[in-house]
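Since every read-out is calculated from the coordinates, none of them should be taken as a lab result. Small disclaimer: the values here were computed from a predicted structure and weren't measured. Cβ atoms come from the backbone with ideal geometry, glycine included; neighbour counts cover every protein chain shown.
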Amino acid sequence: MTYPVVEKFISINGEGTRCGQLSVFIRFAGCNLNCSFCDTTWANKTDVPCENLSADQIYEYILSTKVTNVTLTGGEPLLVPEILALLEKLAKDENLYVEIETNGSVNLEPFSRLLNGPYFTMDYKLPGSGMETFMDLSNFSYLTKDDTVKFVVGDRNDLEVAKRIIDNYQLLDRCSIYFSPVFGKIDPQDIVNFMIEQRLNRVNLQLQLHKIIWSPDERGV
């Protein structure tokens, strides 16, 4: 069994609970959604060039970097065939912190049973994405304090929907919550003002550091 890897590289984690820390990224090809603001559409094309790597090869690459934070991303990594086998292999290494960036449409239950992770950074796609109807709402029940829900917001309506989801599913008691602006579409000040207005304690604003440090279109960072 091999896995379609379109990128593998070391950088800082640009968002989430380990934002600013080094991470080794493994980006897989393919996604089932088509978000309006997607910045990796190139990775979702059926003919995208990729390396077909075995679980052993991926693990050996991770070890070779000497970086202990691991980010599995895409595309949508949880749709990759036999991804569970790779997760089981990585979970055996207690020195690794393995995070999966997932789009919220794939049921997390099969992956939540593993000991030693993985940790989920799960999107909830808001109306501005055009993909909200694909969200699997049962996923909220599988999240823990070690996991994250990320709301990528583009306007006031997105913010209001995000607050409603946070309240309806009591997410502040389940996991970490992050608001992230659609790059170039909403002023981060508007998000902060909304947080103040609604007294959103324990909600985090995050800016995508990798888009600030490098060009927003730069790959491999």
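For the chain, the longest piece that avoids every one of the GluC sites (Glu not before Pro) found in DSSP loops with at most 16 other C-beta atoms within 10 Å covers 95-217. Comparing Asn116, Asn69, Asn193 in a Gaussian network model of the chain (Cα springs below 10 Å), the most mobile by mean-square fluctuation is Asn193. Counting only Cβ charges, +1 for Lys and Arg and -1 for Asp and Glu, the dipole size of the chain around its Cα centre is about 320 debye. For the chain, adding -39500 (n - 2.57) for each run of n ≥ 4 DSSP H residues and dividing by the number of residues yields -6500 deg cm²/dmol at 222 nm. Pick the calculated Cα extents along the principal axes in Å for this structure from (i) 50, 36, 31; (ii) 54, 43, 32; (iii) 56, 39, 28? Computing Cα extents along the principal axes in Å and matching it to (i) 50, 36, 31; (ii) 54, 43, 32; (iii) 56, 39, 28 gives (i). The simple Förster model, with R0 at 25 Å and r as the Cβ-Cβ distance, assigns Lys45 and Ile10 a FRET efficiency of 0.50.
Remark: segment 92-102, residue by residue, has Karplus-estimated 3J(HN,Hα) of 6, 9, 6, 7, 9, 10, 9, 10, 10, 8, 10 Hz, where x stands for each Gly or Pro and the curve is 6.51 cos²θ - 1.76 cosθ + 1.60 at θ = phi - 60°.
Report, to the nearest 10°, how far helix 156-168 tilts away from the longest principal axis of the Cα atoms in the chain, using its own Cα long axis and a range of 0 to 90°. Approximately 80 degrees, to the nearest ten.
Residues whose amide H falls under 5 Å from that of Val153, counting only those 5 or more places apart or on a different chain, are Ser180, Val182, with hydrogens built in the peptide plane. With the contact rule set at Cα under 8 Å and sequence spacing of 6 or more, what percent relative contact order holds for segment 86-218? Value for segment 86-218: 18 percent.
Applying the Karplus relation 6.51 cos²θ - 1.76 cosθ + 1.60 with θ = phi - 60° to segment 104-113 yields 3J(HN,Hα) values of x, 9, 9, 5, 8, 3, x, 8, 7, 7 Hz, where x marks Gly and Pro. Between segment 1-67 and segment 92-119, what is the C-alpha centre distance in whole Å? So the two Cα centres are separated by 15 Å. Relative to the dominant Cα principal axis of the chain, helix 188-198 is inclined by about 60°. Relative to the longest principal Cα axis of the chain, at what angle does helix 55-65 sit, 0 to 90 degrees, rounded to 10? With rounding to tens, the tilt is 70 degrees.
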